[in-house]
1. Counting residues that are touching a strand residue (DSSP E or B) at 6+ places or on another chain (Cβ under 7 Å) and at pLDDT 95 or above, which helices (runs of 4 or more DSSP H) fully inside segment 491-574 reach at least 1?
2. Determine which single condition Thr370 fails, assuming it passes every other condition in (1) in a helix (DSSP H, G or I); (2) in contact (Cβ under 8 Å) with a residue 60 or more places away in the chain; (3) within 16 Å of Asp432 (Cβ to Cβ); (4) not aliphatic (A, V, I, L, M).
3. Which numbered condition in (1) part of a helix (DSSP H, G or I); (2) surrounded by 14 or more Cβ atoms within 10 Å (Cβ to Cβ) is the only one that Thr169 fails?
4. Of the conditions (1) outside the structural domain of Val560 (by the TED database); (2) crowded, with 22+ Cβ neighbours inside 10 Å, Ser407 clears all except one; give me its number.
5. Quick one: how many residues across segment 84-106 are part of a loop (DSSP other than H, G, I, E, B) and surrounded by 16 or more Cβ atoms within 10 Å (Cβ to Cβ)?
6. Cβ contacts < 8 Å: first residue surrounded by 13 or more Cβ atoms within 10 Å (Cβ to Cβ), restricted to segment 52-67; second residue among the basic types (Lys, Arg) and assigned to a loop (DSSP other than H, G, I, E, B), any location; separation 6+ or different chain. Result?
7. Limited to segment 1-53, what total is found for residues that are under 34 Å from the mean Cα position of the chain (by Cα), part of a loop (DSSP other than H, G, I, E, B) and more than 25 Å from Arg73 (Cα to Cα)?
8. How about segment 452-506: which of its residues are without any contact (Cβ under 8 Å) to a residue 40 or more places away in the chain, charged (D, E, K, R) and within 30 Å of Val367 (Cβ to Cβ)?
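The values are calculated or read from the model by the stated rules, or taken from the named source; none is laboratory data. As the structure is a computational prediction, the values presented were derived from the model and not from experiment. Methodologically, a virtual Cβ is constructed for each residue, glycine included, from the backbone with ideal geometry; neighbour enumeration extends over all protein chains shown.
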Amino acid sequence: LPELLLSFSFPKAMRWASYDIKWARPIRWIVALLGDQVINFEVAGIQADRQTYGLRFLHPDPISVPDASQHERLLSEAHVILNHEERYRTIKQLVQEAAAQRGGHVDENDEALFREVTDINEYPSVVVGGFDPEYLKLPVEVIITPMRLHQKYFPVYQADGSLLPLFITIRNGLADEQGNVRVGNEKVLAARLADAAFFYEEDRKIKLVDRLPRLETLVFQEKLGTMRCKAERLQRLAPAICRVLGGSAQECATAERAALLSKSDLVTNMVFEFTELQGVMGGHYAISDGEDPAVAKAISEQYRPNSSGGALPETVAGRALALADKIDSLTGYFGIGSIPSGSQDPFALRRAALGVIAIIKEAGVRVALTPLIKQAYDLYGGDVQFKNDRSTTCSLLDEFFRGRMRSELTEDGYRYDLVDAVLAGGELDPFDFHTRIAALDRVSGTEDFLTALAVFNRAGNLASKATTDSFDRGALPEEADQQLVAAYENARQKVTEALHRGGNGNGNGNGDASTSNVTTAIQALAGLREAVDYFFDTVLVMAPDEKIRRSRLALLRAIVALFDSLWDWSKIVI
């Protein structure tokens, strides 16, 4: 039990007294019971016992727990709801009812805030406060950010989604009958909103474009230059990515302008005080400056998604800028050798990679990442002394992205062998990987698939002995040779046509691997079965004549290469 207790992991931990151990908070008592018997052990100088405590200012006296089955009930009587899920349900009900009574509602999907409030309260009661309606003139994010992130308040919305001048918070204890807690919370929020209003007015006096020189004083990363340098790189990379995404000339021009201004809000008072508003405030200030609304929208979307499952950019220019920002950072950090290892990822590069994957998947466009990584590397120029050359950086990022996709796809429920088969080769193209694994998953149990797999395995046994897949048809003397060549050429044409259908038309990628296209390709590959069987049953592949032997092996290798244009069949386990 001591080992179990000390094995708990916390985002933040502390030491106390002279003990070497670290825990979320100092351990003051331990209740350890098996039925009515105390389990004897000691941690941090504390002996396990049957004595516990309730909410201190409502029930300061110790509580003796005679039996483990009574533990939860006794704590409840002492104003502690022990069960986490019960506290969660209680808090959610209290908050929702309080909002409804005032003609509003809260964001029921704000799971992070509901969970955090559940974790910091043992005996919840609801408090409803208000603020000056004049503050509703501020951007909505300026109001709800200090509410949610700093004060742990729930904003209250009207039916149309606009804010009411109200907030709901949870008190740890009995109801606030005298209103003192409400008044105190209102004063705190009023001070924060007054600061925000001042920052907003002051910041709008200087345009984003006029803030560019100040970005030279803001370091992006010690070895990677300033934020001004980053903005200038993004100004070139974002429109290039926009074109890959199929953006129009106007959308790419929007991406270019948004990229130039994308980091200017980092030197504003508002973002200095509320760092969570980076990008968002840039969008608001761009509107205030008279910039095109499309530019403002792209600026506001650049950091999306900012969490797993978070909102993604909605516009082509926004996607291009968000991808450029993440690819620039990943390339730079990998170039200088700052690569995540184990649980260490101080620069959130795993999240950046997952963001790239999510944006491309949502866009539904084939995007080969390696050329973009090469371009991002070159844009750093000679001012940055990279540890890794461009080829090494691309290889490291290729492995990194495939690793992230492997984790994501297996978590989505795909078989590990199918995931490995799809990720084993081909371009680094997240959308193509997703479409291929989905198609492979759907067809993997069909008769044509199993027939094709049998053909691959039979051809593959000897194909590895070939040194080339270029065969001389004239050097193949037998009827079985010629039948297999004809069958191969017919299958190659059908597979090529199937996999080249449905391209996104942007010159990046040759088509799509949708289920219908893959089904057609697999039918063509399965159609090789008769010719392959006749070939192996009739001819000696390892013929004494070197020219014949070499051509037969090359033909088998060409067949295997045709199979591998879909995925690596050798990874598939049946």
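1. Those helices (runs of 4 or more DSSP H) do not exist here; none qualify.
2. Status for Thr370: all satisfied but (2).
3. (1)
4. (2)
5. Looking only at that region, the number is 2.
6. Val65/Arg50
7. Adding up the residues that qualify gives 11.
8. Selection gives Lys494, Glu497, Arg501.
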